[in-house]
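Input: a single structure, listed below in structure tokens.
The values are calculated or read from the model by the stated rules, or taken from the named source; none is laboratory data. Here the structure is a predicted model, which is why all the values come from computation and not from measurement. Here the Cβ positions follow ideal geometry from the backbone for every residue, glycine too, while neighbour counts run over all protein chains shown. Heavy atoms of the whole protein, side chains included, go into the accessibility calculation; ligands, DNA and RNA do not. Shrake-Rupley method; radii C 1.70, N 1.55, O 1.52, S 1.80 Å.
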Amino acid sequence: MVQDMFDPEFYMGVYETVDTNTRTRVLHFGKYRDVAECGPHQEIDLNSSQTVTSERQTFYCVPVPGESAWVKEISFGSVGDIHGCGEPKRLETEASAGHHLTSPNCSPPLDLNFPLPGEKGPACLVKVYESWDSFKVNDILEVYGILSVDPVLSIVNNEERENSSSLFDPMECMDTAEEQRVHSPPASLVPRIHVILAQKLQHINPLLPACLKEEESKSFVSSFMSELSPVRAELLGFLTHALLGDSLAAEYLILHLISTVYARRDVLPLGKFTVNLSGCPRNSIFTEHIYRIIQQLVPASYRLQMTIENMNHSRFIPHKDYTANRLVSGVLQLASNTSLVIDETLLEQGQLDTTGVHNVTALGNLITWQKVDYDFSYHQMEFPCNINVLITSEGRSFLPSDCQVHLQPQIIPPNMEEYMNSLLTAVLPSVLNKFRTYLSLLRLLDYSISDEVTKAVEEDFVEMRKNDPESITADDLHRTLLIARFLSLSAGQTTLSRERWLRAKQLEALRKARLQQQKCVNGNEL
């Protein structure tokens with residue numbers, strides 16, 4: 001994922017060397033190289049008329065935040081050797097709670113800028129030579145290029161830099177020491193990739209073709225769609241067991257997992273479907289296991305444990321560090337289609353400080369507007385996002401949501417840990433892969449509503465308002481249409497039918513009745 005974009009960099013696209021003994025001149029190409037090629041008796045003629053200065057852009061890239069282990073396993077054969085052969089272990093690094101990593105060539109320790117704590121895998125500097133304007137921060141890239149881990153690159157991190165500055169672009173010497181350290185880390189820690197070909201990915205699920213628009217992908221889609229019905233039924237059964245026998249909550253969880261922002265109307269993101277699953281046992285391992293199950297189904301996810309400590313001390317919002325001239329990452333710098341599970345069952349009494357209040361506000365903005373305002377000190381810059389947020393809570397969440405579903409367990413397992421673990425072991429790997437394909441594929445399908453159905457829905461809504469003007473609002477219409485959209489897609493239908501509209505109304509009636517019942521039992525607002 002593109003975590004940051006550095007300033008454009010000038011390099012010698014063509015340069016000339018002179019042999020100090022024979023005075024022979026040789027032309028060299030500087031493209032796809034970090035260091036000028038210079039033999040033992042050669043020196044670069046910086047005044048040569050043949051010199052061509054070119055420009056390239058550098059992206060600072062990190063592994064996709066929260067990428068699931070199964071994605072790595074399928075993509076790279078095994079998690080233990082995700083970098084192929086050669087020297088993989090040396091490059092694999094881990095972000096500790098402080099995201100720091102000490103390098104022998106630099107002190108203080110180098111922050112590799114992974115958005116999430118505990119992330120593994122190397123960061124890299126991706127050098128792009130053309131069409132760099134088509135990429136932006138937080139895009140996921142697949143890159144083919146030339147790997148550069150030249151040890152001489154590490155010189156820039158110690159005193160030898162001064163003696164070797166002729167090897168590097170003279171413009172770089174205008175940088176501050178901190179900027180040099182961050183922008184030119186040791187190649188053993190942060191390898192360089194000089195891009196020959198780069199493409200932006202729609203998704204990172206290795207079970208699907210990279211682009212569904214291509215002809216050869218269409219047969220994959222049609223073949224999978226033909227067996228969609230049994231896959232949906234099996235997934236519903238699996239999630240019903242995970243949610244302790246609650247099939248209504250399982251229905252809503254499927255709709256949540258295939259939801260995606262499909263358009264923006266002014267500032268309003270259409271298609272977001274944040275679900276608040278209330279009624280979860282407090283401080284229980286239940287929510288942890290629900291997250292583990294989601295982790296097994298989606299390509300990227302993160303569980304945000306909502307404690308006072310985390311709210312007050314975590315870095316949620318990325319901010320610009322002007323001294324090092326880089327974007328310092330935060331927990332909410334996530335790639336599109338990441339599942340964010342906010343666990344509110346861990347919340348205890350306490351006081352939020354200024355950071356905590358800012359973090360909670362940022363979560364609210366992410367949920368409501370699907371955007372994160374990055375902090376550039378003198379101003380805020382709005383970064384739109386597409387993050388699926390599921391909130392697990394005991395009562396109603398204090399964060400906004402599009403839909404509250406109150407959990408009604410039908411099974412109380414004597415040993416929750418054992419029960420949840422047995423669920424995953426009981427599912428065949430081939431079936432699990434079908435679930436993964438199903439959830440990723442349905443988010444990428446187009447969807448439409450015919451004029452005829454639109455008219456029928458409008459008439460139906462007018463009738464509903466007549467019968468119950470107090471409780472049926474415009475928000476209800478919007479939510480029911482959204483549920484009907486995802487219900488249709490979950491059945492492999494890309495247009496709305498009357499049957500799906502009626503089913504959406506039925507689900508909503510059941511959900512609301514349950515909330516009303518809970519309100520009567522508890523006597524408080526849910």
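Residue 289 falls short of the stated requirement of being closer than 30 Å to residue 61 by Cβ and either more than 23 Å from the chain's Cα centre (by Cα) or open to solvent by less than 10 Å² (accessible area, probe 1.4 Å) (or both). When region 325-355 is limited to residues that are assigned to a loop (DSSP other than H, G, I, E, B) and among the small types (Gly, Ala, Ser), the one that is nearest to residue 181 (Cα to Cα) turns out to be 329. A residue that is over 27 Å from residue 4 (Cβ atoms) and either open to solvent by less than 10 Å² (accessible area, probe 1.4 Å) or modelled with pLDDT under 95 (or both) can be found somewhere in region 296-304. Would you mind stating whether residue 239 is more than 30 Å from residue 323 (Cβ to Cβ), crowded, with 21+ Cβ neighbours inside 10 Å and not acidic (Asp, Glu)? Here the answer is yes, as residue 239 does meet what is asked. Taking only pairs six or more apart or across chains, which ones have beta-carbon atoms under 8 Å, a first residue in region 304-331 that is more than 21 Å from residue 371 (Cα to Cα) and in contact (Cβ under 8 Å) with a residue 60 or more places away in the chain, and a second residue that is among the charged types (D, E, K, R) and not in a helix (DSSP H, G or I)? Close Cβ pairs (under 8 Å, with a partner that is among the charged types (D, E, K, R) and not in a helix (DSSP H, G or I)) amount to 325/7; 325/175. So which residues in region 193-238 are touching a residue at least 40 places away in the same chain (Cβ under 8 Å), closer than 30 Å to residue 408 by Cα and among the hydrophobic types (A, V, I, L, M, F, W, C)? Within region 193-238, 228, 231, 235, 238 meet the criteria.
Restricting region 253-279 to residues that are touching a helix residue (DSSP H, G or I) at 6+ places or on another chain (Cβ under 7 Å) and either free of Cβ contacts under 8 Å to residues at least 60 places away in the same chain or assigned to a helix (DSSP H, G or I) (or both) leaves a set whose member that is surrounded by the most Cβ atoms within 10 Å (Cβ to Cβ) is 257.
When region 1-57 is examined, which residues are found to be among the acidic types (Asp, Glu) and open to solvent by 60 Å² or more (accessible area, probe 1.4 Å)? Those that are among the acidic types (Asp, Glu) and open to solvent by 60 Å² or more (accessible area, probe 1.4 Å): 7, 37, 43, 55. Per the conditions (1) under 27 Å from residue 4 (Cβ atoms); (2) part of a helix (DSSP H, G or I); (3) of a type outside the set (Gly, Ala, Ser); (4) out of contact with any Leu (no Cβ under 9 Å at 6 or more places or on another chain), the sole criterion not satisfied by residue 420 is (1). Listed by position, the strands (runs of 3 or more DSSP E) inside region 373-413 whose residues that are of a type outside the set (A, V, I, L, M, F, W, C) number at least 3 are 380-384. Taking the criterion of being part of a loop (DSSP other than H, G, I, E, B), under 35 Å from the mean Cα position of the chain (by Cα) and not acidic (Asp, Glu), the residues of region 444-480 that qualify are 444, 445, 447, 449, 450, 473.
With the structure loaded, tell me whether residue 479 is among the basic types (Lys, Arg), touching a residue at least 12 places away in the same chain (Cβ under 8 Å) and under 15 Å from residue 498 (Cβ atoms) or whether it fails that test. It is false that residue 479 is among the basic types (Lys, Arg), touching a residue at least 12 places away in the same chain (Cβ under 8 Å) and under 15 Å from residue 498 (Cβ atoms).
Conditions tested, residue by residue: (1) touching a Gly at 6+ places or on another chain (Cβ under 9 Å); (2) closer than 23 Å to residue 271 by Cβ.
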| site | (1), (2) |
| --- | --- |
| 308 | yes, no |
| 312 | yes, no |
| 319 | yes, no |
| 337 | no, yes |
| 342 | no, yes |
| 346 | no, no |
| 365 | no, yes |
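The residue that is farthest from the chain's Cα centre (by Cα), among those in region 387-405 that are within 18 Å of residue 480 (Cβ to Cβ) and of a type outside the set (Val, Ile, Thr), is 404. For region 399-420, how many residues meet the condition of being of a type outside the set (Val, Ile, Thr), closer than 15 Å to residue 284 by Cα and open to solvent by 30 Å² or more (accessible area, probe 1.4 Å)? Selection size over region 399-420: 7. Scanning region 285-306 for residues that are of a type outside the set (A, V, I, L, M, F, W, C) and touching a helix residue (DSSP H, G or I) at 6+ places or on another chain (Cβ under 6 Å) yields 287, 289, 299, 301, 303, 305. Could you list, in sequence order, the residues of region 281-305 that are under 22 Å from residue 245 (Cα atoms), in contact with a Phe, Trp or Tyr (Cβ under 9 Å, 6 or more places away or on another chain) and polar (S, T, N, Q)? Within region 281-305, 295, 296 meet the criteria. Among all positions in region 425-438, there is at least one residue which is at pLDDT 90 or above, surrounded by fewer than 11 Cβ atoms within 10 Å (Cβ to Cβ) and not in a helix (DSSP H, G or I). Against the conditions (1) surrounded by fewer than 18 Cβ atoms within 10 Å (Cβ to Cβ); (2) in contact with a helix residue (DSSP H, G or I) (Cβ under 9 Å, 6 or more places away or on another chain); (3) not in a loop (DSSP other than H, G, I, E, B), residue 282 satisfies every one except (3).
For residue 333, state whether it is modelled with pLDDT under 95, among the polar types (S, T, N, Q) and over 13 Å from residue 277 (Cα atoms). When the stated conditions are applied, residue 333 does not pass them.
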